[in-house]
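> My structure is below; once you've seen it, I'll send some questions.
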Amino acid sequence: MSVFSSMQINASGLTVERLKMDLISTNIANINTTRTDEGGPYRRKTLLFEENLNLERSRLTNKIENKSQGVRVVGIEEDEDFKIIYEPDHPDADEDGYVNMPNVNMVDEMIALINTQRTYEANVTALNASKGILKKALEISKG
């Protein structure tokens, strides 16, 4: 793997983690939203992603192999489940006094946010290490 490939992989990881942080923030912001433009309560969103593989010929073995290009977003999934609470005074309550609430759990979202931040930081650290390697290679080639 070349240094540039590792930088590309880290860049794709940074992009995915940033999008995950945006979705988690949106989930937290809408934890009590019972009415949306689409109708009904807010639907919790999760990011679907997968490894981005590309077929390439190996320089060493001359065989065609899968080479990782990092990760890519496949889609955004919306949760279909809702929490049902009894709150007869709520404006969106049904005739029995129950309200459909978003299936967003603050603790789960905060854990996911911390995990995403740590993964983002790990990608930044790896990207900086790759930059350091390139910088050192340039210094060596000058001398």
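> Which far-off residues, 5 or more places away or on another chain, put their amide H under 5 Å from the one on residue 70, with H placed in the peptide plane?
52
> So I have [x] 78, 33, 22; [y] 59, 36, 22; [z] 39, 33, 32, and one of them is Cα extents along the principal axes in Å calculated from this model. Which one is it?
[x]
> Can you run phi through the Karplus equation (6.51, -1.76, 1.60; θ = phi - 60°) for the stretch 103-110 and list ³J(HN,Hα) in whole Hz, with x for Gly and Pro?
Listing the rounded values in order: 8, 10, 9, 4, 5, 4, 5, 5 Hz.
> On to the next question. What is the magnitude of the charge dipole of the chain about its Cα centre, with +1 placed on the Cβ of each Lys and Arg, -1 on the Cβ of each Asp and Glu, and no other charges, expressed in debye to the nearest 20?
Working: 17 positive and 23 negative charges, 385 e Å.
Dipole about the Cα centre, nearest 20: 1840 debye.
> In the stretch 73-114, which residues have a backbone nitrogen under 17 Å from the label point lying 7 Å from residue 28's Cα in the Cα-to-Cβ direction?
The answer is 103-114.
> Sticking with this one: Can you list the HN-Hα couplings for the stretch 40-55, worked out from phi with the Karplus curve (6.51, -1.76, 1.60; θ = phi - 60°), rounded to whole Hz and with x for Gly and Pro?
Those phi angles translate into x, x, 4, 9, 4, 10, 10, 8, 10, 9, 8, 5, 9, 9, 9, 7 Hz.
> Between residue 79 and residue 52, what is the spin-label point distance in nm, taking each point 7 Å from the Cα along the Cα→C-beta axis?
Here the modelled spin labels are 2.9 nm apart.
> Counting only residues 5 or more places away or on other chains, whose amide H sits under 5 Å from the amide H of residue 103 once H atoms are built in the peptide plane?
Excluding prolines and chain starts, which carry no amide H, the hits are 44, 83.
> A follow-up question, please. At a threshold of 8 angstrom on Cα-Cα distance, excluding pairs fewer than six apart, so keeping six or more, what relative contact order does the stretch 40-135 reach in percent? Let's see the in-between values first.
Details: 115 pairs, mean separation 22.8, N = 96.
Dividing the mean separation by the residue count of the stretch 40-135 yields 24 percent.
> On the Cα set of the stretch 90-143, report Rg and Dmax in Å, please.
24.5, 81
Bear in mind these aren't lab numbers, they're just calculated from the coordinates by the rules spelled out. It should be emphasised that the depicted structure is a prediction, and the values quoted were computed from it without experimental measurement. For neighbour counting, all protein chains shown are included, and Cβ atoms are generated from backbone atoms with ideal geometry for every residue, glycine included.
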